[in-house]
4 protein chains.
Amino acid sequence: MKFCLIGAGRAGLVHARNLKTRIKTAELAALCDANRETLETAGRELDVPALFADYREAVRQPGIDAVIIVTPTLLHRDIACEAAAGGKHVFLEKPMALNADQCRQIIAAVEAAGVTLQIGFMRRFDEGFLAAKEILDSGEMGRVMIVKSTGRGPGLPPPWIYDIAASNGVLAEVNSHDFDSVRWLAGSDIVRVYAEAANFKCREVADQWPQFYDNAVVNLRFADGTLGVIDGTCPAHYGYDARVEVLCENGVLMIGSVQQQGLSKVLCDGSIVNRAVKSWRHLFRDAYVAELEHFIECVRQGKKPRVTGRDGLKAVQAVVAANQSILQGKPVEIGGCE
Amino acid sequence: MKFCLIGAGRAGLVHARNLKTRIKTAELAALCDANRETLETAGRELDVPALFADYREAVRQPGIDAVIIVTPTLLHRDIACEAAAGGKHVFLEKPMALNADQCRQIIAAVEAAGVTLQIGFMRRFDEGFLAAKEILDSGEMGRVMIVKSTGRGPGLPPPWIYDIAASNGVLAEVNSHDFDSVRWLAGSDIVRVYAEAANFKCREVADQWPQFYDNAVVNLRFADGTLGVIDGTCPAHYGYDARVEVLCENGVLMIGSVQQQGLSKVLCDGSIVNRAVKSWRHLFRDAYVAELEHFIECVRQGKKPRVTGRDGLKAVQAVVAANQSILQGKPVEIGGCE
Amino acid sequence: MKFCLIGAGRAGLVHARNLKTRIKTAELAALCDANRETLETAGRELDVPALFADYREAVRQPGIDAVIIVTPTLLHRDIACEAAAGGKHVFLEKPMALNADQCRQIIAAVEAAGVTLQIGFMRRFDEGFLAAKEILDSGEMGRVMIVKSTGRGPGLPPPWIYDIAASNGVLAEVNSHDFDSVRWLAGSDIVRVYAEAANFKCREVADQWPQFYDNAVVNLRFADGTLGVIDGTCPAHYGYDARVEVLCENGVLMIGSVQQQGLSKVLCDGSIVNRAVKSWRHLFRDAYVAELEHFIECVRQGKKPRVTGRDGLKAVQAVVAANQSILQGKPVEIGGCE
Amino acid sequence: MKFCLIGAGRAGLVHARNLKTRIKTAELAALCDANRETLETAGRELDVPALFADYREAVRQPGIDAVIIVTPTLLHRDIACEAAAGGKHVFLEKPMALNADQCRQIIAAVEAAGVTLQIGFMRRFDEGFLAAKEILDSGEMGRVMIVKSTGRGPGLPPPWIYDIAASNGVLAEVNSHDFDSVRWLAGSDIVRVYAEAANFKCREVADQWPQFYDNAVVNLRFADGTLGVIDGTCPAHYGYDARVEVLCENGVLMIGSVQQQGLSKVLCDGSIVNRAVKSWRHLFRDAYVAELEHFIECVRQGKKPRVTGRDGLKAVQAVVAANQSILQGKPVEIGGCE
């Protein structure tokens, strides 16, 4: 299957390298990025000759079967819809889009074109998350009571998320995964959120972007009554911290660890030193390969992917509601049933 | 120093046994409990001959230096004030009282009597919590950004907390410790709370006590802007789970573990089995001794205890506000500065 | 690069599947196995049409660049030498051969043919082991004092290792890796071993194979005075357990864990359940890919592999000496310096 | 019960402080130490007026019920026998004595006097060790196959153990506990040992004391065929490290951890920092209280203590044999059945 990567930044290159070195059934046939330098550097590193500055051109190439979209969120809707119109299967990174309407437009476009759409919630392909989901589905833990998810990114937030209105901020960029995970694990949709947020580490942007926050705590209520909480921080500096706790009637599941397994060092001064997980690229390296293999398999066999446009939409709705709650200082209901 | 224990139930006996077997500077001189059977059983076990059914009588005994009050919360104010009036030093279990007014009356009574008052927040005497506080105070972690505290009790809630109005419920009985810990560690007062709660495990009492909850998630805002979250569950069945995470500018402190250290068992089927911490009595066994030793030392040396009436008051205020938030479905501000 | 796998059993298939699905620079061009059913099953699974029952035929095929040898140990010498003579690069699984002489013959053959030889000590490509080696090489830990390695396999030993004389037993099949790891990490050759062994789990073979053991503890002395110990068990049932501890002047490094990270389950009865690492295939899945990628790179660039024939030889010498020690009931010196 | 502490050094003071502050049924009535300054400092700290420089005088005092002997090993036999002759119950620190003959003389003396003798193997009173023993005794793990014990002390070895002949060295001072633990947990006596040892950290004493070692690895064979290994190091600098692993037919028990539970610190640079267990005084603080409470209970009720003179003897025999093995370079059988 021949892929075109649209958006050749850091996150895009994770997919590109997997296509290039780890997935024998895939071919990285083309790259697309509006930034010419980014595009050419990536082209050289990955030895891909077909380079496009304009995604409209890329999605019309006949030799391309599918696109992987890893651009800033505000472009997702347009690119995904054009790609679908061009008959390309679409692997779309999170967050799916800026709001529910855009998500619905993407869903309509891929349905009209009859192409496959998968959202990049790679955690659903991670060994630990999958094992947790299986245990929950088996019923042995009883009903979920509280689901808690921590999502912290190591690096500074990209400047294009300073403007919450145009990006949905840290809750979208870092914590989209958490919003999807808690919904998937709870097996119920989020119906109410209340959020508190603050800007502790990026004070220098507070004047220009008073609504920008780098820390948030979100209280959640699910349709079936389940409780939840998400906390997000960016940057956490020490590493990428993704931990989920699912408290059930019969016990608790704890997914993930701050610690990167493999080596402990005990020093003369009595300190025991371990390494924190540095990056999502490392923590979820197998999941990133697995989600693309799943996408390829779904396209080939005409199957519905495990992560659908509706999953992307639901996460976007919750993020948007949480940002509203921060602005309004009160809980926000996520209405409508779909 | 001669003690009278008022309230000889399960929690009271923890203190009584410590006085009896572990603290050489103390003497358990008398017991008081309104339930005659409880009183006599405790008297026999502890070999204490001076037994009182009425606390008013107990607090007037000349041979008593101090009382330890471990009764249902609604009696705390009256007993503590009477004890102070009787010239007894007061060690008072959490929650301090049912509301801020009662707390203030207690504070006034002990100040008027010139006796020592200490609230039973034993976590402040635990090795892990103390080490965390010391690190935070040193400044090496930078400012606290988010403080999260999980408090879960193993056993069924006592029937006298079904009535939230008369008891403040699980957030008071189980999570008073969390409210105190986050405030102590954050170094700032809680100014706003938003809480969601549900009754998942005690459905049979829902008809009679529709406001009763056994699970709650509380979003916190502190005076200095710090964010926080407390989640409480009772019963958790699997054990007593007290874990706190303090996310700071320069990293994160993680206090406590669900695991009772000492032994891991790996079985043929590939499972690795550890034991969860069973009870607060086990987890904080050294802290329970330490807090009484501190109380004795403060009385003897006329020092102010590390945990004051004001600390008790602050936790009660936050609990009361969280319960209001549950009832009103909106965030509640904790007004006034004292 | 075109590979022929010689020995299509369980371990061989690990390499075959990696070549087939994970390594884009490799092609699995042919399979060879003396067992026709094994051969054809593997051929179908891997969709490899070129199948050989006789390795002599396989190593003469012009379209093959390299062989991966994963047969019973007693065939290693002959196959490796023939492959080298046929001009094929050789990736040879551990243990290298049955004794030092055979190892030297292989080394001579590949040197004469000018082909690349790499031994399958994949731990040297594992993240944790590599990090440990780097720390040790940096000098920050000071000199190694004691190195301890535990190697336990989950499944029953294969019947062809019942005869110690013909296989070198569990210490060769399971613990070759430990002998290599301790030598690599200590940075010094093993010069004396003392071993105790017992047959606890395979009693039914004790009559026919009285020398067979399924548990062993080996005391080690290195050339530079360092102390060591290896313990081996097969079957351990609960999983694959590979842990190494390197005690140094300035502290200790602990490599590996019995626990498969990702998910903890806490149950109503107070048990905390984690999963043990099930298999070397899982624990070292990235290392297996990495060692083949390294081999391919070395062949292409004419570099000396990180794991040489001499490393294979040194492990074989120590295993042979440990088996002698078991039989003779005394420490055995590993003479000669090479 | 009135105690006299004989030997008021660091280890002795652990017992003294427990008697003084934690055990209400005991009274620390007298102190004895040949060093006048040590004696007077201890007397002041503990507020004990009855001070003796000569143990012969102390053990004749009528007001003393029992002695706790914490002197250098070479004095154990004489003091214990004199104390028994004086009608005092004897709590004797490990190692019991310098050799099997001395142990037998102590056993004979206490039997003749009809007093109680307990050896200070406090690990047998530790929660983790007790839980492990209970599981092993229940039979659920099947037979023990290999038992491994690591014992490392934080501080420099005291000069009086440089002379192995007069002290039995590190294996006696630090690892007596390991020799007792493995025998207790395996449920079988040690019958053969082989040891390798080296002096890595105390090179400056090597000229005068060429036999002195600060690191040792001991291979063990038990009467019922079980295998074992003990490794000992002093000083380890980083802390007190006591971990035991019991591999059984049905799985493995892991007792202890290098990590002092309670607090983890994650720092900006991605390091996760925990504290190693600093000292046996901390790790076994509850066990030290429990063993004295058990001793008092045995004396009062005329019961046989859980740790007998025979247990002390068996550990001494194994240590002596291990030291012989180091000197002779061959395995040493521990003959005789008693």
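The values are calculated or read from the model by the stated rules, or taken from the named source; none is laboratory data. Only a predicted model underlies this, so the values are computations on that prediction, with no experimental measurement involved. Reconstructed Cβ throughout: ideal geometry from the backbone, glycine too, with neighbour counts over all protein chains shown. Note: areas computed on protein heavy atoms with side chains; ligands, DNA, RNA excluded. Shrake-Rupley method; radii C 1.70, N 1.55, O 1.52, S 1.80 Å.
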Which residue fluctuates the most in chain D, going by a Gaussian network model with Cα springs under 10 Å, if the choices are D:ASN274, D:ASN99, D:ASN35?
-> D:ASN274
Using a 10 angstrom cutoff on alpha carbons, build the Gaussian network for chain B and name the most mobile of B:ALA166, B:ALA198, B:ALA236.
-> B:ALA166
If you put a point 7 Å past Cα along the Cβ direction, how far is that point for A:GLU204 from the same point in each other copy, in nm, smallest first?
-> 5.1, 6.2, 7.2
Among C:VAL90, C:VAL266, C:VAL67: highest mean-square fluctuation, GNM of chain C, C-alpha pairs under 10 Å | C:VAL266
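C:GLU249 to C:LYS278: extension gain in nm, 0.36 nm per residue of separation minus the Cα-Cα distance? Kindly include the intermediate steps, with their values, before the conclusion.
Working: separation 29, 0.36 × 29 = 10.44 nm, distance 3.35 nm.
Net length gain for the segment: 7.1 nm.
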Placing +1 on each Lys and Arg Cβ and -1 on each Asp and Glu Cβ in the range C:191-338, then taking the dipole about the Cα centre, the residue among C:ASN215, C:VAL191, C:VAL266 whose Cα reaches farthest towards the positive end is C:VAL266
Percent antiparallel among DSSP beta bridges (both partners in chain D, rounded to 5) | 55
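Would you mind telling me the share, in percent, of accessible area of the range B:235-305 contributed by carbon and sulfur at probe 1.4 angstrom? If you can, show how the numbers build up before the last one.
Details: 1130 of 2420 Å².
Of all accessible area on the range B:235-305, carbon and sulfur atoms account for 47 percent.
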FRET efficiency for C:ALA112 and C:ARG300 from the Cβ-Cβ distance with R0 = 22 Å, rounded to 0.05, comes out at 0.55
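Return the equivalent ellipsoid semi-axes of the range C:211-325 as a descending list in whole Å, where each equals the square root of 5 times an eigenvalue of the C-alpha gyration tensor.
Working: eigenvalues 181, 110, 54 Å².
The answer is 30, 23, 16 Å, longest axis first.
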Report the relative contact order of the range D:246-338, percent, no decimals, based on alpha-carbon pairs under 8 angstrom and at least 6 residues apart.
-> 12
Residue-level accessible surface for D:GLU40, protein heavy atoms, 1.4 Å, Å² | 70
Relative to the other copies, what are the label-point distances for A:GLU57, with labels 7 Å from Cα along the C-beta vector, expressed in nm at one decimal and sorted shortest first?
-> 5.5, 9.8, 10.4
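Rounded to the nearest angstrom and ordered from largest down, what semi-axes does the equivalent ellipsoid of the protein assembly as shown get from its C-alpha gyration tensor (root of 5λ)? Don't skip to the answer; put the middle values down first.
Values: eigenvalues 590, 489, 107 Å².
Values for the protein assembly as shown, descending: 54, 49, 23 Å.
Filter the cross-link list C:LYS20/C:LYS304; A:LYS265/D:LYS265; A:LYS265/C:LYS133; B:LYS24/D:LYS2; B:LYS24/D:LYS20; D:LYS2/D:LYS24 down to pairs whose alpha-carbon distance in this structure exceeds 19 Å.
Over 19 Å Cα-Cα: C:LYS20/C:LYS304.
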Helix B:36-46 versus the longest principal axis of chain B: what is the Cα-based angle in degrees, 0 to 90, to the nearest 10?
-> 90
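Interface size between chain D and chain C, please: total buried accessible area, 1.4 Å probe, rounded to the nearest 100 Å².
Details: alone 15470 and 15450 Å², together 27680 Å².
Answer for the D-C pair: about 3200 Å² buried.
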Put a dot 7 Å past each Cα toward the Cβ at B:LEU75 and A:ASP137; how far apart are the dots in nm?
-> 5.3
Identify the residue of chain A whose Cβ lies closest to the rotation axis that maps chain A onto chain D, and give that distance in whole Å.
-> A:VAL273, 3
Inter-probe distance in nm under a simple model that places probes 7 Å from Cα toward Cβ, at C:ARG36 and C:ASP101 = 3.6
If one puts a single equal scatterer on every Cα of chain B and applies the Debye formula without solvent, what log₁₀ I(q)/I(0) results at q = 0.11, 0.14, 0.15, 0.16 Å⁻¹?
-> -0.73, -1.18, -1.33, -1.47
Phi angles of the range C:279-296, converted by Karplus (6.51 cos²θ - 1.76 cosθ + 1.60, θ = phi - 60°) into ³J(HN,Hα) in whole Hz with x for Gly and Pro, give 8, 4, 4, 7, 4, 10, 5, 6, 5, 5, 5, 5, 5, 6, 4, 5, 4, 4
Considering protein heavy atoms only and a 1.4 Å probe radius, which residues within the range D:194-237 exhibit an accessible-area decrease of no less than 30 Å² in the full assembly relative to the chain by itself?
-> D:TYR194, D:GLU196, D:PHE200, D:LYS201, D:ASN215, D:VAL217, D:ASN219, D:ARG221, D:LEU227, D:VAL229, D:ASP231, D:HIS237
Please pull out the direction-averaged projected area of the range B:109-191, using the convex hull of its alpha-carbon atoms, in nm² to one decimal place.
-> 8.1
What whole number of Å gives the distance from the Cα centroid of the range A:139-196 to the Cα centroid of the range B:263-335?
-> 29
Return the Cα extents of the range B:183-227 along principal axes one, two and three, sorted largest first, each rounded to a whole Å.
-> 41, 16, 12
Which sequence of C:THR41, D:THR73 reflects their accessible areas, 1.4 Å probe, from the largest down?
-> C:THR41, D:THR73
Report, for A:GLN324, each distance to the same residue's label point in the other copies, shortest first and in nm; define the point 7 Å along Cα→Cβ.
-> 2.6, 8.1, 8.5
Applying 1/(1 + (r/R0)^6) with R0 = 45 Å to the Cβ-Cβ distance of A:LYS24 and C:ALA165, what FRET efficiency is obtained, to the nearest 0.05?
-> 0.55
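Pairs of Cα atoms under 8 Å, at least six residues apart: use those to get the relative contact order of chain D, whole percent. List each step's numbers first, then the result.
Numbers: 701 pairs, mean separation 64.1, N = 338.
Here the relative contact order equals 19 percent.
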Between D:ASP207 and A:GLN324, the two model label points (7 Å from Cα along the beta-carbon direction) sit apart by a distance in nm of 8.4
Built amide H within the under 5 Å cut-off of A:MET145, gap 5+ | A:LEU247, A:CYS248, A:GLU249
Accessible solvent surface per residue of the protein assembly as shown, calculated while the other protein chains remain in place, 1.4 angstrom probe, Å² = 35
